[in-house]
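**Student:** Questions regarding the structure given below will be posed in turn.
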Amino acid sequence: MLDLQRLRALHAVSVHGSVGAAASALGYTPSAVSQQITKLERETRSVLLERDGRGVRLTAEARQLASAAQEMLTVMERVETELEQRRGVPAGLLTVAAFASAARGLLPGVLAELTVRNPALDVRLSEVDPHLSVGMVAKGAVDLAVVHDWDIAPLPLPLGVEQAVIGDDPCTLLVPVAHPFAGRASVRRAELGGQRWVCQPPGRVCHDWVVRTLREAGHTPQIVHQADENPTLVALIAAGLGIGLVPRLGRGPLPPGAVEVPLDPAPVRRLYALWRTGATRRPAIVETVRVLKEGWAELPDGPV
């Protein structure tokens, strides 16, 4: 009889790509995950992990076991959902993934409210890039994810994943206080050419929006500074080094050197909660989605 916890550890390595990342997702130490897999190797008389540079890769036997683990975890999730429904209250462990600005600007209040209302519910948050979260939900690596999409990049969902809209996050243009756009009631997209831009790296939706919008208007983008985090972008703009497009959620108060100017029409990103279809009726999912929507509606002066 194969041990489910050991299969869960192997499945986590297959989803997250390393023992360390799997340990972080499961709340274990890397040595504990390694021990579980070593025991599983003895039980199955198989080599499951092989060295691959500084990391590891799964053998063919490991991939087969990880696939079986996925099926078993899906069955366990259904059973746990039915038991939780019988109890009628949100309970047990709920793992949540959220992108950085949602983790900073929305989730702290939501998690605090969930904890107060539901003492039997153990919610654990991980900050995860949006493009990874969908797959993590589909594969069972997390129970729920907070993600976003834009009008130029709709969110594709795999079979077996459900969604609920949390709200719309407006994106505004930030410029240095001495910039000609400062003080304007609005700026049209056609006016954005010839500017020095501060932006996220290629592959991020915000970067793609800037490039596509400028090229459609006949301009060559001049992206002079790139940074992952919105607070870094804001600091660069406030220092007078360029202009940038920054969503309002999790942005925080603007420093004295930067001002907000609305774009016409304004780009908007939409936030969603995602979960697996099999967990749709789980009280913990229902309650978390409800509190996420409440938390969004209660953000002061909109999602800032």
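The values are calculated or read from the model by the stated rules, or taken from the named source; none is laboratory data. These numbers come from a predicted model, not from an experiment. Glycine gets a Cβ as well: all are built from the backbone with ideal geometry, and neighbour counts include every protein chain shown. Please note that ligands, DNA and RNA were not included when accessible areas were found on the heavy atoms of the full protein model with its side chains. Shrake-Rupley method; radii C 1.70, N 1.55, O 1.52, S 1.80 Å.
**Student:** What tally of residues in the range 10-39 results from selecting those that are more than 22 Å from the chain's Cα centre (by Cα) and either closer than 18 Å to Ala141 by Cβ or among the β-branched types (Val, Ile, Thr) (or both)?
**Tutor:** 8
**Student:** Could you grab me the full set of residues in the range 1-31 that are touching a Leu at 6+ places or on another chain (Cβ under 9 Å) and either of a type in the set (Asp, Glu) or without any contact (Cβ under 8 Å) to a residue 12 or more places away in the chain (or both)?
**Tutor:** Residue satisfying the conditions is Asp3 alone.
**Student:** Of all residues in the range 138-164 being closer than 17 Å to Pro267 by Cα and of a type in the set (Val, Ile, Thr), which is most open to solvent (accessible area, probe 1.4 Å)?
**Tutor:** This residue is Ile152.
**Student:** Next up: Do we find a residue being over 30 Å from Arg117 (Cα atoms) and assigned to a loop (DSSP other than H, G, I, E, B) anywhere in the range 267-280?
**Tutor:** Scanning the range 267-280, I find at least one residue that is over 30 Å from Arg117 (Cα atoms) and assigned to a loop (DSSP other than H, G, I, E, B), so the answer is yes.
**Student:** Next up: Which ranges mark the strands (runs of 3 or more DSSP E) fully within the range 39-153 that have 1 or more residues being closer than 24 Å to Ala284 by Cβ?
**Tutor:** 92-98, 121-127, 144-150
**Student:** Further question on the same structure: Between residues in the range 46-64 that are among the acidic types (Asp, Glu) and residues that are open to solvent by 60 Å² or more (accessible area, probe 1.4 Å) and assigned to a strand (DSSP E or B), which pairs lie under 8 Å by C-beta distance while being six or more apart or on different chains?
**Tutor:** If the second residue must be open to solvent by 60 Å² or more (accessible area, probe 1.4 Å) and assigned to a strand (DSSP E or B), the pairs left are Glu50/Arg57.
**Student:** Kindly indicate which of Ala66, Ala91, Ala60 is touching a Ser or Thr at 6+ places or on another chain (Cβ under 7 Å) and open to solvent by less than 70 Å² (accessible area, probe 1.4 Å). Don't jump to the end; show me each part of the working.
**Tutor:** Working: Ala91 fails: touching a Ser or Thr at 6+ places or on another chain (Cβ under 7 Å); Ala60 fails: touching a Ser or Thr at 6+ places or on another chain (Cβ under 7 Å).
Selected residue: Ala66, the only one of Ala66, Ala91, Ala60 that is touching a Ser or Thr at 6+ places or on another chain (Cβ under 7 Å) and open to solvent by less than 70 Å² (accessible area, probe 1.4 Å).
**Student:** Right, another one. Out of all the residues in the range 228-250, is one or more touching a helix residue (DSSP H, G or I) at 6+ places or on another chain (Cβ under 7 Å), in contact (Cβ under 8 Å) with a residue 24 or more places away in the chain and of a type in the set (Asp, Glu)? Give the steps one after another, and end with the answer.
**Tutor:** Within the range 228-250, the subset touching a helix residue (DSSP H, G or I) at 6+ places or on another chain (Cβ under 7 Å) is 229-230, 242-247, 249-250.
Remaining after also requiring in contact (Cβ under 8 Å) with a residue 24 or more places away in the chain: 229-230, 242-247, 249-250.
If we keep only those that are of a type in the set (Asp, Glu) as well, we get 229.
Yes: one or more hits.
**Student:** Does Ala97 satisfy being touching a strand residue (DSSP E or B) at 6+ places or on another chain (Cβ under 8 Å) and within 30 Å of Cys206 (Cβ to Cβ)?
**Tutor:** When the stated conditions are applied, Ala97 passes them.
**Student:** Identify the residue in the range 223-234 that is of a type in the set (A, V, I, L, M, F, W, C) and not in a helix (DSSP H, G or I) and, among all such residues, is nearest to Leu263 (Cα to Cα). So that I can check it myself, show each step before the final result.
**Tutor:** First, pick out the residues of the range 223-234 that are of a type in the set (A, V, I, L, M, F, W, C): 223-224, 227, 233-234.
Next cut, not in a helix (DSSP H, G or I) only: 223-224, 227.
Details: Ile223: 18, Val224: 21, Ala227: 22 Å.
Applying the filter and picking the extreme gives Ile223.
**Student:** Going through the range 198-222 one residue at a time, which ones are within 25 Å of the chain's Cα centre (by Cα) and in a strand (DSSP E or B)?
**Tutor:** Start the filter on the range 198-222 by keeping residues that are within 25 Å of the chain's Cα centre (by Cα), which leaves 198-213.
Val198, Cys199 - these are the residues of the range 198-222 that are within 25 Å of the chain's Cα centre (by Cα) and in a strand (DSSP E or B).
**Student:** Mind telling me which of the residues Gly257, Gly278 ends up being open to solvent by 30 Å² or more (accessible area, probe 1.4 Å) and of a type in the set (Gly, Ala, Ser)?
**Tutor:** Numbers: Gly257 fails: open to solvent by 30 Å² or more (accessible area, probe 1.4 Å).
Exactly one residue qualifies, and that residue is Gly278.
**Student:** Which residues, taken from the range 193-212, are open to solvent by less than 50 Å² (accessible area, probe 1.4 Å) and in contact (Cβ under 8 Å) with a residue 40 or more places away in the chain?
**Tutor:** Initially, the range 193-212 is screened for residues open to solvent by less than 50 Å² (accessible area, probe 1.4 Å), giving 193, 195, 197-201, 205-207, 209-211.
Selection gives Gln195, Trp197, Val198, Cys199, Val205, Cys206, Trp209.
**Student:** Looking only at the range 121-136, count every residue that is at pLDDT 90 or above and open to solvent by less than 30 Å² (accessible area, probe 1.4 Å) and tell me the total.
**Tutor:** Within the range 121-136, residues that are at pLDDT 90 or above and open to solvent by less than 30 Å² (accessible area, probe 1.4 Å) number 1.
**Student:** Could you identify the single residue in Ile237, Ile166 that is among the β-branched types (Val, Ile, Thr), in a strand (DSSP E or B) and at pLDDT 90 or above?
**Tutor:** Ile166
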